[in-house]
1. Antiparallel as a % of all DSSP beta bridges within the chain, to the nearest 5?
2. Using label points projected 7 Å from each Cα along Cα→Cβ, tell me how many nm separate residue 173 and residue 234, to one decimal.
3. By how many nm would the segment from residue 223 to residue 49 grow when fully extended, if each residue of separation counts as 0.36 nm and the alpha-carbon distance is taken off?
4. Full extension from residue 196 to residue 96: what is 0.36 nm times the residue separation minus their Cα-Cα distance, to one decimal in nm?
5. Restricting to lysines 8 or more places apart or on different chains, can you count the pairs in the stretch 3-259 with Cα atoms under 24 Å from each other?
6. Suppose every Lys and Arg Cβ carries +1 and every Asp and Glu Cβ carries -1, with no other charges. What dipole size does the stretch 1-111 come out with about its Cα centre, to the nearest 20 debye?
7. Round to the nearest 10 and report in Å² the accessible area of residue 199, as given by a 1.4 Å probe over the protein chains' heavy atoms.
8. Under 16 Å from a point 7 Å along the Cα-to-Cβ line of residue 164: which residues of the stretch 94-111 have their amide N that close?
Amino acid sequence: MTAYALVTGATSGIGLALAETLAARGRSLILVGRRAEALATIGQQLRSANGVEVIERVCDLADAQQVTQLLDALEAEALEIDLLVNNAGFTTSGSFVDNSWQSERDLLQVNVLALVALCHRIGRRMAAAGRGQILNVSSVSGFMPGPWMSNYAASKSYVLIFSESLREELAPRGVSVSVLCPGTTRSPFFDKAGIQIEKAAPDALIMSATDVARITVDALARKPAIIIPRFHNKLLAISPRLGPRWLLRKVVGALYRSVATQ
Ligand SMILES: NC(=O)c1ccc[n+]([C@@H]2O[C@H](COP(=O)([O-])OP(=O)(O)OC[C@H]3O[C@@H](n4cnc5c(N)ncnc54)[C@H](OP(=O)(O)O)[C@@H]3O)[C@@H](O)[C@H]2O)c1
């Protein structure tokens, strides 16, 4: 029976690069995204380039009902998932109270609730089988407060703390949980939020999604708790411990405010 790696948000950026890297290493995939046409094209490319099985599942993760339907369907088909990659996510930018509630609510649904729902249902099946691996995508932003991206930073903190905690619960049951915390990575993520990536970080510190994916997939074999690609991002992740939190709030807030277009 084929065991699949399920990747959410596989239609662009880091998720697409993770899917490509896994397929190139012979992994069969279930790709989840909200754009049917993009998923079909990517699925076809990965099948013909790598000879792996690729199943596409269209799901708007901002819609809790669709998430439940996705999980029900996967269970009904009894597809074995031995690697769950919760990658889908997005950010809002600018003043939280002036952004629409719809966009802030969707952010929590996609970045947090959908991820937690997938961990709950698929993690439970992995625990019952006594094997499996979960990779949740947080961010270096998850290590610090993020004024002007407040809800995003908090969502990524949630993912970081949740993943580290779940790791301890599931380890004795044969399931390994890792959390990926990338720094600034070139992808459509910034454009979608109206953020100017060139102001977010110097060019030399911006990673490509393919490099993030390669480092991550290499690391997965070692089952680490936290994956932070590249030294400069590791430094950023420990920076909250190096100075007072009031200063951290001011510095990060000034950066996030300067990159927001609104
Ligand atoms: N880029 C960075 O600098 C960076 C840094 C740290 C962490 N991250 C995290 O890395 C992950 C991937 O981001 P990325 O940079 O690769 O951004 P991206 O290119 O925008 O990819 C995000 C993926 O999530 C999907 N997605 C968003 N909302 C969705 C929804 N409602 N339903 C289903 N799928 C949805 C997107 O689908 P569509 O293609 O349909 O939009 C896309 O496939 C995110 O969790 C992000 O927070 C990114």
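1. On the way: 1 of 30 bridges.
Beta bridges within the chain, antiparallel portion: roughly 5 percent.
2. Modelled inter-label distance: 3.2 nm.
3. On the way: separation 174, 0.36 × 174 = 62.64 nm, distance 2.73 nm.
Between residue 223 and residue 49, full extension yields an extra 59.9 nm.
4. Here the segment from residue 196 to residue 96 would lengthen by 34.2 nm.
5. Taking the Cα cut-off of 24 Å, the pair count is 9.
6. The dipole of the stretch 1-111 has a size of about 340 debye.
7. Roughly 110 Å² of residue 199 is accessible to a 1.4 Å probe.
8. Answer for the stretch 94-111: none.
The values are calculated or read from the model by the stated rules, or taken from the named source; none is laboratory data. Remember, it's a predicted structure, so these values are computed and weren't measured experimentally. FYI the Cβ positions are ideal-geometry reconstructions off the backbone, even for glycines, and counts take in every protein chain you see. For the accessible areas, the whole protein counts, side chains as well, though only heavy atoms, and no ligand, DNA or RNA atoms are used. Shrake-Rupley method; radii C 1.70, N 1.55, O 1.52, S 1.80 Å.
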